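Single-structure report; data block below.
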Amino acid sequence: MSVRCSIPAAIAAATFIGLLGAPVFAAGSPQGRGPDLSTGKQLFDASCSGCHGQDASGGQGPNIQRIPATLGDEATAKIIKSGVPGTGMPAFAGLTDAQAMQIVAHIRTLANAAMGDVATGDPDKGKAVYDANGCANCHIVDGVGGNLGPDLTGIGSLRPADFIRLELQKPGENLPKSPVTGIAIGKWTEYLMFRAVTKDGRVIEGMRTAESTLEIVLEDAKGNFHSLHKADLKSLEKEPGKSFMPSQTSLSDADLNNLAAYLASLKAAAQ
Ligand code: HEC
Ligand code: HEC
């Protein structure tokens with residue numbers, strides 16, 4: 001990230017934590033209910049907009065409209081509370097978890113406003129599109145379906161409709177970044193595809209599900225796992241941008257909107 005802030009982070013952090021500690025913010029934030037958007041806006045306007053812009057589209061700091069959608073709400077709240085060490089992003093350690101989540105909720109509303117009214121689709125019609133296009137071969141919703149791709153049961157809590165729409169059109173370009181929906185494999189990008197060629201000429205293409213210094217395990221399009229010894233391979237290449245997910249190019253605009261609206265309506269159950 002190239003944007004850097006002129007205010008030394010330590011001073012900024014101290015200033016902003018002081019600000020957030022003020023009673024006006026501590027007051028209106030009932031814990032345990034849904035995020036309070038007006039408090040989130042107050043907090044954001046007072047503490048974030050100076051660097052990230054009123055609409056979170058960037059200024060001294062980067063555009064952060066997309067961060068909750070790509071990293072998830074909790075990870076974003078964590079960044080807010082711990083800052084990004086060594087950069088101009090201060091730690092807002094004085095915020096409660098609830099306040100951090102209120103800010104995240106506000107950033108999501110800013111993102112929605114910025115993308116215009118993409119979520120015009122009809123979720124009920126979208127469900128029919130989902131059922132008619134083989135999505136369940138690779139995706140689980142509420143426990144039903146195949147598991148080559150990520151479980152979509154709570155996808156709507158993680159990503160807005162327009163981003164989902166983009167994922168449908170360009171699978172592979174926006175590989176899921178959060179372990180929330182997929183298999184958690186720690187430090188790796190999930191669902192990243194590899195092409196391995198063995199010394200005896202076999203070609204195996206698949207998503208990495210495990211890797212050590214000596215071995216890599218790839219899951220192929222049929223869901224079979226191939227455990228490969230690196231010493232037996234002639235080549236092993238990453239295929240960024242590739243995905244087993246077919247691009248939904250044959251769907252009409254209306255169908256795409258409906259499908260995105262359906263997926264955006266799949267919210268994770270409240271804990
Ligand atoms: C003093 C300026 C400043 C303030 C105030 C500030 N930020 Fe930042 N923020 C930055 C900078 C600069 C970065 C980029 C850090 C880097 O280089 O990775 C950043 C990064 C971030 C990121 C991570 C972006 C990414 O791409 O991973 C998030 C999320 C974020 N800020 C949210 C907030 C929120 C929410 C607030 C208010 C509570 C806030 N920031 C206040 C300057 C600021
Ligand atoms: C052949 C298997 C396959 C089929 C069929 C398939 N997908 Fe996928 N899908 C995947 C894989 C693998 C990924 C993860 C890699 C990626 O994002 O491209 C994925 C990713 C996604 C994501 C992104 C999830 C996230 O966490 O961001 C969405 C949304 C999605 N698929 C929806 C659909 C819908 C809707 C259909 C039906 C029209 C469908 N998929 C059909 C395999 C499939």
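The values are calculated or read from the model by the stated rules, or taken from the named source; none is laboratory data. Just so it is clear, the model here is predicted, and its values are computed rather than measured. We place every Cβ from the backbone using ideal geometry, glycine too, and count neighbours over all the protein chains shown.
Kindly establish whether THR87 is among the β-branched types (Val, Ile, Thr), surrounded by fewer than 22 Cβ atoms within 10 Å (Cβ to Cβ), under 24 Å from ALA161 (Cβ atoms) and modelled with pLDDT under 95. Spelling it out, it is not the case that THR87 is among the β-branched types (Val, Ile, Thr), surrounded by fewer than 22 Cβ atoms within 10 Å (Cβ to Cβ), under 24 Å from ALA161 (Cβ atoms) and modelled with pLDDT under 95.
Within segment 215-226, being out of contact with any helix residue (DSSP H, G or I) (no Cβ under 9 Å at 6 or more places or on another chain) and either of a type outside the set (S, T, N, Q) or within 13 Å of ARG202 (Cα to Cα) (or both) holds for VAL217, LEU218, GLU219, ASP220, ALA221, LYS222, GLY223, PHE225, HIS226. Inspection of segment 61-84 identifies at least one residue that is on the phi > 0 side of the Ramachandran plot and more than 10 Å from ligand 1 (Cβ to nearest atom). The residue pairs whose first member lies in segment 135-157 and is in contact (Cβ under 8 Å) with a residue 60 or more places away in the chain and of a type in the set (Ser, Thr, Tyr), whose second member is within 16 Å of ligand 1 (Cβ to nearest atom) and assigned to a loop (DSSP other than H, G, I, E, B), and whose beta carbons are closer than 7 Å, counting only pairs six or more residues apart or on different chains, do not exist in this structure. Checked against (1) modelled with pLDDT of 85 or more; (2) outside any strand (DSSP E or B); (3) surrounded by 13 or more Cβ atoms within 10 Å (Cβ to Cβ), ASN174 passes all but a single condition, namely (1). Checked against the criterion of being within 11 Å of ligand 2 (Cβ to nearest atom), hydrophobic (A, V, I, L, M, F, W, C), under 26 Å from GLY172 (Cα atoms) and assigned to a helix (DSSP H, G or I), the candidates ALA111, ALA136 yield just one match: ALA136. Within segment 201-226, residues that are under 15 Å from GLU237 (Cα atoms) sit with their Cβ atoms under 6 Å from residues that are in a loop (DSSP other than H, G, I, E, B), at 6+ positions apart or across chains, in these pairs: GLY206/ASP220; MET207/TYR191; ARG208/LEU192.
Results for (1) more than 13 Å from ligand 2 (Cβ to nearest atom); (2) assigned to a strand (DSSP E or B); (3) among the hydroxyl-bearing types (Ser, Thr, Tyr); (4) exposed (fewer than 12 other Cβ atoms within 10 Å of the Cβ), shown as yes or no for each residue.
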site: TYR191; (1), (2), (3), (4): no, no, yes, no
site: ALA196; (1), (2), (3), (4): yes, yes, no, no
site: GLU205; (1), (2), (3), (4): no, yes, no, no
site: HIS226; (1), (2), (3), (4): yes, yes, no, no
site: SER235; (1), (2), (3), (4): yes, yes, yes, yes
site: GLY241; (1), (2), (3), (4): no, no, no, no
site: LEU256; (1), (2), (3), (4): no, no, no, no
site: LEU263; (1), (2), (3), (4): no, no, no, no
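Using the structure shown, decide if GLY88 is outside any helix (DSSP H, G or I) and within 11 Å of ligand 1 (Cβ to nearest atom). Criteria met by GLY88. Only residues that are over 16 Å from ALA98 (Cβ atoms) and modelled with pLDDT of 85 or more were counted in segment 16-60, giving 11. Taken together, the residues in segment 36-87 that are in contact (Cβ under 8 Å) with a residue 60 or more places away in the chain and either charged (D, E, K, R) or within 16 Å of ligand 2 (Cβ to nearest atom) (or both) amount to 9.
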